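Below is one structure, written out as structure tokens; comments come after it.
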Amino acid sequence: LLLLMATAIGLAFPLVVRELLDSAFLEGDSRQLNFIAAGLLALFAIQAVINFGQSFLTASTSERVVATLRQDLFSALVYQPPGFFDDRRVGELTSRISSDTGLLQGVLRFGVPELIRQGVFLMGALFLVTITHPQLTLATMVAIPFTAIVGWLLGRRVRRLSTSIQDRLAGAVARAEQVFTQIQIVQAFTREEWEERRFRGEVEDVRDEGLRRAVARAGLTGAVTFSAFGAIVLVLWVGGRLVLEGVLTPGDLVAFLLYAVTIAGAVVSLAGFWGNLQEAAGAAERIFDLIKHPVSLRTPDAPTILPRPVRGEVSYRAVSFRYGTDLPLVLDGIDVEIGQGERVALVGSSGAGKSTFASLLPRFYDVTGGAVRLDDIDVRRLDLQELRGQIGLVPQEPMLFAGTLRENLAYGRPGATDPDIWEAARLAHAHEFITTFPDQYNTMVGQSGHRLSGGQRQRIALARAILRDPEILILDEATSQIDVESERLINEVLSEFSQNRTMIMIT
């Protein structure tokens, strides 16, 4: 509404100028001249206030829209199963959240208001010049068909190039994130220069695509600008002849010329916005592809409720599994029964399928054939949150979140009290080393917990699982990086902790 009000004031300006000029040059009325000048200043003051309100509301709206879009995108991704991330680079997904949504924010904040403003300017000015003098209107509209065709053709190319740029940029960002995450390996194998050359090549590809897009956009802007302002020259020439013939007053011509400039400016701005819109359309396409991506592992519409208390009986019946339709079976015809409170060890060589076996129980993946059952209920019929709430997991590579030790320990049980956290840490033999730190439980662990040793990270991950107090505990080589004496003590603790709990240990 404020935008339309400000635009209406802008459209009234040439009419006021016409009165101003005719009063000064034809009527010689200085009082009328002073009155109109004062009126113009008041009009522009009102317009300034309106523009402030419009600008603030547009900015706040764009911020809220993009924030919601980022939340929706994150929500769509965080519920995807691990298999979804196996096929995608994390850096590319984070680029969608930051870079692509940033493009949309620019269009929402500046492009859409400009589209409305210039669209109203164009239609309003065309209407006013048409009722003023049809002959000059015809001269003004000569450039519009040419501008529309050029805008459509070059706009399509800008969109294709923008999509390609965002894809290449996402790839470069993903590569950089991977290098920084694995910086120790990169430096250990002295691959810094190779990684630098590779990243430089990817960035140069983005640059080259950007230059091609710049050529397309510059061509669009140049062609539109020439046609629009060429029409102004035509208006000036035709209008000048009409003034000489006495058909128009000088004020009429200036007012008409101002409207012609308004029309030309609107056409040029709309052409520029068309280019921005094509860039944003490519970004939006990628964002909504992810938001609409179906979640392959979902809670059923009418899930079966686990009977209470949960016994923790696990059975694998004729289970087979493969990671892809073109890959061989990792598990084939597995039949295992694990009773309540039973401790089962899965022992085998690397690649035998031990971790895969364990990942089927919390439904990180669905079986290819057969069924996994908890308390004699197929896990595919259970609510995912309820199912996973019964399971504590210590993964093979215990990754911690950047934050404090307290935050990491309480991650699976956010409302845990300090005594509960300390007790879980003692059981995992983590309390001893935690209390040696100056900040103790408030110690920052760094990105992925890299400020801690491998053994310390394993003990924190074990304490985190113990604190959750699950009915089933899965330990995937949970003590592989711990010294022999600590491992013996932890096993004694686990022996006591696992009373009446089902435990699957992988080694």
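The values are calculated or read from the model by the stated rules, or taken from the named source; none is laboratory data. The shown structure was predicted, so the numbers you read here are calculated from the model rather than taken from an experiment. Neighbour counts run over all protein chains shown; Cβ positions are idealised from the backbone, glycine included. All accessible areas refer to the heavy atoms of the entire protein, side chains included, with ligands and DNA or RNA removed. Shrake-Rupley method; radii C 1.70, N 1.55, O 1.52, S 1.80 Å.
Potential lengthening of the chain between Thr436 and Phe288 amounts to 48.4 nm, from the contour at 0.36 nm per residue minus the alpha-carbon distance. When peptides 455-467, 60-72 are ranked by their average number of other Cβ atoms within 10 Å per residue, the highest-first order is 455-467, 60-72. Given the choices (1) -0.38, -1.07; (2) -0.41, -1.31; (3) -0.63, -1.15, log10 I(q)/I(0) by the Debye sum over Cα atoms at q = 0.07, 0.12 Å⁻¹ derived from the coordinates of this structure is entry (3).
In this structure the amide hydrogen of Gly370, modeled in the peptide plane, comes within under 5 Å of the amide hydrogens of Ser320, none closer than 5 places in sequence on its chain. By the combined test of axial Cα extent (at least 15 Å) and Kyte-Doolittle hydropathy (mean at least 0.5), the qualifying DSSP H helices of the chain come to 2-22, 30-78, 112-132, 250-291. To the nearest 0.05, how large is the calculated FRET efficiency for Val203 and Ile183 if R₀ is 22 Å and r is the Cβ-Cβ distance? The value I calculate is 0.75. Computed on the stretch 418-507, with alpha-carbon pairs under 8 angstrom and 6+ residues apart, the relative contact order is 33 percent. Extension gain for Arg413-Ile46 works out to 126.4 nm (0.36 nm per residue, less the C-alpha to C-alpha distance). Comparing Gly171, Gly222, Gly201 along the charge dipole axis of the stretch 155-251, the residue lying farthest to the positive side is Gly222, per the Cβ-charge model. When only Cα pairs below 8 angstrom with a gap of at least 6 residues are kept, the stretch 291-397 shows a relative contact order of 35 percent.
Each Cα pair under 8 Å and six or more residues apart adds its separation to the average, and for the chain the resulting relative contact order is 15 percent.
Each Lys and Arg adds +1 at its Cβ and each Asp and Glu adds -1 at its Cβ; summed about the Cα centre, the chain shows a dipole of about 1120 debye. In the complete set of protein chains, residue-level accessible area for Ile506 is approximately 10 Å², probe 1.4 angstrom.
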